[in-house]
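Note sheet for the following structure.
The values are calculated or read from the model by the stated rules, or taken from the named source; none is laboratory data. All of these numbers come straight from a predicted model, not from anything done at the bench. With ideal geometry, Cβ positions are generated from the backbone for all residues, glycine too; neighbour counts draw on all protein chains shown. For the accessible areas, the whole protein counts, side chains as well, though only heavy atoms, and no ligand, DNA or RNA atoms are used. Shrake-Rupley method; radii C 1.70, N 1.55, O 1.52, S 1.80 Å.
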Amino acid sequence: MIKTTEDIKEALHGRMRALWPSLPIRSGVFISSPGRVNLIGEHIDYNNCPVLPIAVDKRIVALVVAIPERSVKVADLDPRYESIEFSLEEYERLPEGLVPFKTGHWGNYIKAAVNELLSYSLKEGQERSVTNLSTGGDHVWECGFAMVFTSTIPQAAGMSSSSALVVLSTLALLEANDVSYSSFEQRLALADICRRAEWYVGTKGGGMDQAAILMGKNRNAIKISFNPIDAVLIPFEYDIAVVVAHSTVEAPKTREMMDAYNRRSIECTLAGLIVAKILQNRYDIEHIRYIGDITPSKTGLEQSVLDAIVTDVFHEEPYQIDEIASLLDMSTDQVNRRYCKRKDGTQFPMPIEGFKLYQRFYHVWKEWRRVERSEQLLIQGDIETFGTLMNDSHASCRDYHEVSCSELDMLTDIARSAGALGSRLTGAGFGGCAVSLVRPNDLAAFTETLLHDYYGRNMRLDRANAEHHIFVVHPSQGAGRIE
Ligand code: GLA
């Protein structure tokens, strides 16, 4: 059983040596990339509204070696997984860039990172830094990399194991080409690059995961804002355990799952555009594009006025595309072409019931306020009230954004009755994990209740199979080199 970082390093070395004996392994560097747990602010980052996650101590650790022949070779430490290899030249040869592996293949997260970085270059003579990258111009990517990695982040659990891999692969290519990324500004710029990179695999995510993974700090939560991207550390040093419990319902990134996620993103975009149209027509306010733009500073209107405006905009019945088109002064064809396409260019399947604009907007608007309030509460140290906001957030994810599932609802109910100050789904939802705040003195009884009531009675798992589904996480350091 591998335990310490030294053991892991040794094992990574061993596997790299066995796979590619001719590489200069001694020149390699170790990089770690954490998973994240979102404390509050769910499904609002793609509206450019702020979120409040932590990077955690479940992470990927990798050994990375620069190789001059412009290829990328990557392997999991576990030899049961096949290694992958591709050439950087493929990007330059093909107009569409790197050709993806089959849908769902982990190698696509590596390709996503490399494909995105290769679209940037650095002019001769400039310092090699992420903030000096620009689109077009001379390329800088002389070297590829070989990488062996191992991960303790549970997969398909809503803890961003895939974004951790994207960030890791981005850092690998930067390291291999001596491009610096360690300052605060460089990391923020990189978070934006990594967010765009993930569109390669087909999810139109916001930027929360990549920013949390890059900006994380020990003993701190991070408030991440967008447009422009920013990160503010909020000390999180309470006598409280952050407990993650897997519902055991996997939420893999299948096409249906991506459609379900992207549907929310499309609904929110359309809702934001409709409010923007009203602000333009009634108040002459321009340049509002996302729900997150509807702020006093961007509109010149007070928060109470904005609240009053938005409560009247939507009716509760779902909207058909022709009604949306007429509200936006567009043809249905224009709305379809601009906002309802998948990444592969195919038409997004219209929900037969219509788009739930009222419900989605309501969730985003209220969840955003909860994030702002949470920031204040955490600064004041009022963890109890923060817990109640987590509970409200779960209810809103369940009832308005409809991203929970019956197992997560049951799990969070049991967690609350077992003494959690707050409990909610974390991440994209539709399965995956719940996060709960538990007082250390209550932790043993809390765990027992979950093992018995949720995993035993409801999921029919015996203790041995259930125990690894519950674990405590700590706010941890973001991705980077480890010595
Ligand atoms: C996924 C996405 C994030 C965010 C969450 C939901 O993790 O990658 O950008 O939208 O879902 O909050």
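Points to keep in mind about this one:
- Qualifying residues in segment 147-159 (those that are crowded, with 24+ Cβ neighbours inside 10 Å and under 20 Å from ILE482 (Cα atoms)) - the one farthest from the ligand (Cβ to nearest atom): VAL148
- Any hit, segment 266-274, residues being open to solvent by less than 20 Å² (accessible area, probe 1.4 Å) and away from the ligand (no atom under 16 Å from the Cβ): yes
- Residue identified as at pLDDT 95 or above, farther than 30 Å from THR346 by Cα, surrounded by 19 or more Cβ atoms within 10 Å (Cβ to Cβ) and of a type in the set (Val, Ile, Thr) among ILE278, ILE222, ILE193: ILE222
To keep it simple, each residue is scored yes or no on (1) at negative phi; (2) out of contact with any strand residue (DSSP E or B) (no Cβ under 7 Å at 6 or more places or on another chain).
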| position | (1), (2) |
| --- | --- |
| SER162 | yes, yes |
| VAL166 | yes, yes |
| LEU173 | yes, no |
| ALA176 | yes, no |
| GLY202 | no, yes |
| ALA211 | yes, no |
| LYS223 | yes, no |
| ILE229 | yes, yes |
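- Any hit, segment 287-299, residues being surrounded by 17 or more Cβ atoms within 10 Å (Cβ to Cβ), within 16 Å of the ligand (Cβ to nearest atom) and not in a helix (DSSP H, G or I): yes
- Considering segment 417-444, and only residues there that are surrounded by fewer than 18 Cβ atoms within 10 Å (Cβ to Cβ) and under 22 Å from THR385 (Cα atoms), the residue that is farthest from the ligand (Cβ to nearest atom) turns out to be ASN441.
Here is a yes/no grid of residues against (1) over 14 Å from the mean Cα position of the chain (by Cα); (2) over 24 Å from GLU402 (Cα atoms); (3) part of a helix (DSSP H, G or I):
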| site | (1), (2), (3) |
| --- | --- |
| GLY205 | no, no, no |
| ILE213 | no, yes, yes |
| ILE222 | no, yes, no |
| ALA231 | yes, yes, no |
| ASP239 | yes, yes, no |
| VAL243 | yes, no, no |
| CYS268 | yes, no, yes |
| LEU273 | yes, no, yes |
| GLN280 | yes, yes, yes |
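- Residues being part of a strand (DSSP E or B), surrounded by fewer than 24 Cβ atoms within 10 Å (Cβ to Cβ) and within 16 Å of the ligand (Cβ to nearest atom) - total across segment 38-59: 1
- Against the test of being at pLDDT below 95 and either of a type outside the set (Asp, Glu) or within 19 Å of the chain's Cα centre (by Cα) (or both), the options LYS102, LYS58 yield a single qualifying residue, LYS102.
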